[in-house]
Amino acid sequence: MKYQTAIVIGASSGIGREIVRILAAKGVKVAAVARRKALLDELVTEFPSLVQAYEHDVVQTHDVPGLFLEITKNLGGLDLFVYNSGVMPEVAATEYSFDKDLHMVNVNILGAIAWCNQAAERFQNTKHGYLVGIGSVAGDRGRMLQPVYNASKSFLHTYLEALRNRLSRHGVVVSTIKPGPVDTELAAHMSMKKMSAHHAAEICVSKFTKNGEHYLAFFHRFAFYIIKRIPSPIFRKLKI
Ligand SMILES: NC(=O)c1ccc[n+]([C@@H]2O[C@H](COP(=O)([O-])OP(=O)(O)OC[C@H]3O[C@@H](n4cnc5c(N)ncnc54)[C@H](OP(=O)(O)O)[C@@H]3O)[C@@H](O)[C@H]2O)c1
């Protein structure tokens, strides 16, 4: 096993929760971080010797350095870091809500920077580690339905690419994972075919040790290769 200790931010539900369960089932010691402590405590009950629960709101970025230090001390090291927290409130096609947009920026962007910077610096110094961010196919193109969610995931992809270019030379792997629709609370309002959270998490875990950007399905890799190349004047006429 390439990693023995891990932090998962956004571990209380959906893909993050399943990632914690898969890692713990492999014997990895995991710090599970999110706001809903009761849900994290269920994971501790399931894996008492392996999962530790930490209640934290990623919007509180000033708390991150202290909490990161506390967690890495309690884990006795850190091999794997996963930033999975994300929000995508329902936004109407004619709506411009700064409150919703600010919340997405705080969770999907600023929380990611606050946590990933800590992990990046530690891994750079120890010359070892796997840094993972859960992006989205939604970040591949600016679509009419979710302007800020799309942009926040696009930010994450570019930020992680830059960290990869910094950290690869120090022996650190940076993996960006871009799921398509997954059956979770975040996507509850989307009526389309979705992958189960457990299956998505299994594929995510299989990509943790691979430098680069990864889709969860071959179909998405193929479809988004095409979608990214549709000229803007045509793309803006489509309802995708
Ligand atoms: N579902 C999809 O179709 C889909 C597709 C592509 C990408 N993704 C990405 O996958 C990731 C996981 O989402 P999911 O689909 O599994 O949805 P989910 O079940 O809603 O999980 C979101 C996770 O983020 C955490 N989170 C949200 N706000 C937070 C905050 N302020 N502080 C700390 N943690 C916070 C939640 O924990 P608490 O609420 O307990 O804090 C929860 O653990 C997200 O980054 C999402 O953008 C999802």
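The values are calculated or read from the model by the stated rules, or taken from the named source; none is laboratory data. Everything numeric here is computed off the predicted structure, so don't read it as measured data. Cβ coordinates were reconstructed from backbone atoms using ideal geometry, including for glycine residues, and neighbour counts include every protein chain displayed. Heavy atoms of the whole protein, side chains included, go into the accessibility calculation; ligands, DNA and RNA do not. Shrake-Rupley method; radii C 1.70, N 1.55, O 1.52, S 1.80 Å.
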Next item on the list: Among the residues of segment 45-62, write down those that are more than 10 Å from the ligand (Cβ to nearest atom) and among the aliphatic types (A, V, I, L, M).
Entry: 50, 51, 53
Note to self: Among the residues that make up segment 67-81, is at least one of them within 12 Å of the ligand (Cβ to nearest atom), crowded, with 19+ Cβ neighbours inside 10 Å, under 25 Å from residue 203 (Cα atoms) and of a type outside the set (Lys, Arg)?
What the structure shows: no
Notebook entry, point to check: Looking at (1) of a type in the set (Asp, Glu); (2) out of contact with any helix residue (DSSP H, G or I) (no Cβ under 6 Å at 6 or more places or on another chain); (3) more than 19 Å from residue 20 (Cβ to Cβ), which is the one condition that is false for residue 101?
Noted result: (2)
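Taking segment 68-89, which residues are over 17 Å from residue 13 (Cβ atoms) and in a loop (DSSP other than H, G, I, E, B)?
Applying the first criterion (over 17 Å from residue 13 (Cβ atoms)) to segment 68-89 yields 68-81.
76, 77, 78, 79, listed by residue number.
If you take the residues of segment 82-105 that are polar (S, T, N, Q) and open to solvent by less than 50 Å² (accessible area, probe 1.4 Å), which of them is nearest to residue 144 (Cα to Cα)?
So the first thing to find is which residues in segment 82-105 are polar (S, T, N, Q), and the list is 84-85, 94, 97.
Now drop any that are not open to solvent by less than 50 Å² (accessible area, probe 1.4 Å), which leaves 84-85, 97.
On the way: 84: 24, 85: 23, 97: 14 Å.
Only one residue tops the list, namely 97.
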Next item on the list: Could you tell me whether residue 42 is over 25 Å from residue 156 (Cα atoms), within 13 Å of the ligand (Cβ to nearest atom) and not hydrophobic (A, V, I, L, M, F, W, C)?
Entry: yes
Next item on the list: Tell me which residues, restricted to segment 15-32, are within 9 Å of the ligand (Cβ to nearest atom) and open to solvent by 20 Å² or more (accessible area, probe 1.4 Å).
Entry: 15, 17, 18
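In segment 129-151, which residues are among the small types (Gly, Ala, Ser) and over 12 Å from the mean Cα position of the chain (by Cα)?
From segment 129-151, those among the small types (Gly, Ala, Ser) are 129, 133, 135-136, 138-139, 142, 151; that's our starting set.
Answer for segment 129-151, where residues must be among the small types (Gly, Ala, Ser) and over 12 Å from the mean Cα position of the chain (by Cα): 129, 138, 139, 142, 151.
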Next item on the list: State all residues of segment 90-126 that are of a type in the set (S, T, N, Q) and outside any helix (DSSP H, G or I); if no residue qualifies, say none.
Entry: 94, 97
Check: Which residues, counting only those in segment 1-14, are within 9 Å of the ligand (Cβ to nearest atom) and among the polar types (S, T, N, Q)?
Finding: 12, 13
